[in-house]
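Before any comments, here is the structure.
The values are calculated or read from the model by the stated rules, or taken from the named source; none is laboratory data. In this text, all values refer to a predicted model and were calculated from it rather than measured experimentally. Cβ sites come from the backbone with ideal geometry, for glycine too, and all protein chains shown count toward neighbours. To get the accessible areas, we keep the full protein, side chains included, count just its heavy atoms, and leave off ligands, DNA and RNA. Shrake-Rupley method; radii C 1.70, N 1.55, O 1.52, S 1.80 Å.
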Amino acid sequence: MPQVTEIAPDVFRICVFYPEIKLQFNHFLVNDDEPLLFHTGLRRMFPEVREGVSKILDPPKIRWISWSHFESDECGALNEWLAIAPHAQPACNMVGALVSVNDFFQREARVLTPQEPLVTGKHTFRYYSTPQLPHGWDAGVLFEETQRTLFCSDLFHQDGELEPLSQASVIDRCRATLTNYQAGPLANYVPYTANTGRILEGLASLNPQTLAIMHGSSYTGNCAGALRDLGVVMKEVLSAPSYQFGT
């Protein structure tokens with residue numbers, strides 16, 4: 001059963017926990033004149049996410065569906081959502097639309113950029129491309145300017161069944177998760193590149209007030225500081241060589 005929590009005004013976290021892998025999958029619904037869903041979830045997760053959405057609004061009213069990068073837990077259930085929401089339109093950056101979305105899904109995506117905001121009523125969104133962060137050429141984040149919520153996908157990934165919203169730092173949990181992943185079969189799931197620090201500094205300059213995090217607790221507090229701390233942790237944990245050919 002999904003857990004639904006309002007983490008910022010009109011922003012609802014819909015959490016589906018998979019105990020067998022000790023991982024939360026969080027989907028974010030913005031309740032506005034033109035409701036927006038960030039993350040569709042996996043196809044098999046669709047009934048649970050739909051149930052969570054239905055606690056806030058009638059699912060066919062969804063108007064915009066967005067995500068960070070082309071991956072099953074980000075947009076795997078997009079066609080299922082498009083089938084029940086007749087006016088819904090995917091929304092992502094140009095790379096995502098050109099290399100994956102417009103060929104794979106039933107409706108053409110609206111291309112989002114920082115210069116072309118998406119207005120859903122009370123809320124205004126801008127999409128910032130963040131190539132290879134958390135991963136993928138097409139990666140990006142969505143920033144809601146009204147309440148200053150940053151939808152940051154896999155950034156700040158934390159394992160376990162955790163509280164919906166934390167006012168305490170989540171960086172130690174994130175460090176532990178990244179360290180554990182680097183030591184196991186999912187090593188290199190998040191890369192550290194020459195642009196990582198610059199991208200995180202750019203996101204910090206947006207001065208978000210809430211971080212809507214896909215795996216683990218969302219965070220409210222000194223979000224700019226948290227993004228800068230994440231850059232330090234990622235460099236420390238991820239910049240050391242870990243790839244071995246043939247393993």
Whole-angstrom Cα spans of region 84-147 along principal axes, big to small: 32, 31, 19
Point-to-point label distance, Glu145-Asn102, nm (Cα→Cβ direction, 7 Å offset): 2.5
For region 1-110, Kirkwood radius (reciprocal of mean inverse C-alpha pair distance, Å): 13.8
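Report the far tail of the P(r) of region 176-246, meaning the percent of Cα-Cα pairs longer than 19 Å.
So the pairs more than 19 Å apart make up 41 percent of the total in region 176-246.
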Heavy-atom SASA rank of Ser72, Ser166 (probe 1.4 Å, accessible area, largest first): Ser72, Ser166
In sequence order, calculated HN-Hα J values of region 38-49 (Karplus, 6.51, -1.76, 1.60; Hz; x Gly/Pro): 10, 5, 8, x, 5, 4, 5, 8, 3, x, 6, 5
Net lengthening on full extension, Tyr189/Lys235 (0.36 nm per residue, minus Cα-Cα): 15.1 nm
Highest-fluctuation residue, Gln167, Gln158, Gln115 considered, GNM on the chain with Cα pairs under 10 Å: Gln115
Extent along principal axes [Cα atoms of region 1-58; Å; largest to smallest]: 37, 21, 16
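With a 1.4 Å probe and all protein chains left in place, how much accessible area per residue does the chain have, in Å²? If you can, show how the numbers build up before the last one.
Details: 10750 Å² over 247 residues.
Result: 44 Å² per residue.
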Value at 222 nm in deg cm²/dmol, rounded to 500, when DSSP H runs of n ≥ 4 in the chain each add -39,500 (n - 2.57): -6500 deg cm²/dmol
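Accessible area of the chain with a 1.4 Å probe: how many percent of it is carbon plus sulfur? Kindly include the intermediate steps, with their values, before the conclusion.
Numbers: 5520 of 10750 Å².
Its accessible area is 51 percent carbon and sulfur atoms.
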Interatomic Cα distance distribution for region 84-196, bins of 5 angstrom, percent: 2, 10, 16, 18, 18, 16, 13, 6, 1, 0
Coarse-grained scattering of region 48-93 at q = 0.25 Å⁻¹, given as base-10 log I(q)/I(0) from a Debye sum over alpha-carbon atoms: -0.97
Label point distance in nm, Met1-Asn222, each placed 7 Å from Cα along Cα→Cβ: 3.9
Beta bridges by DSSP in the chain, antiparallel share as percent, to the nearest 5: 70
On Cα atoms only, tilt of 223-238 relative to the major axis of the chain in degrees: 50
Charge dipole magnitude, Cβ of K and R +1, D and E -1 - the chain, Cα centre, debye nearest 20: 200
Reachable lysines from Lys122, criterion Cα separation under 24 angstrom, eight or more residues apart if same chain: Lys55, Lys61
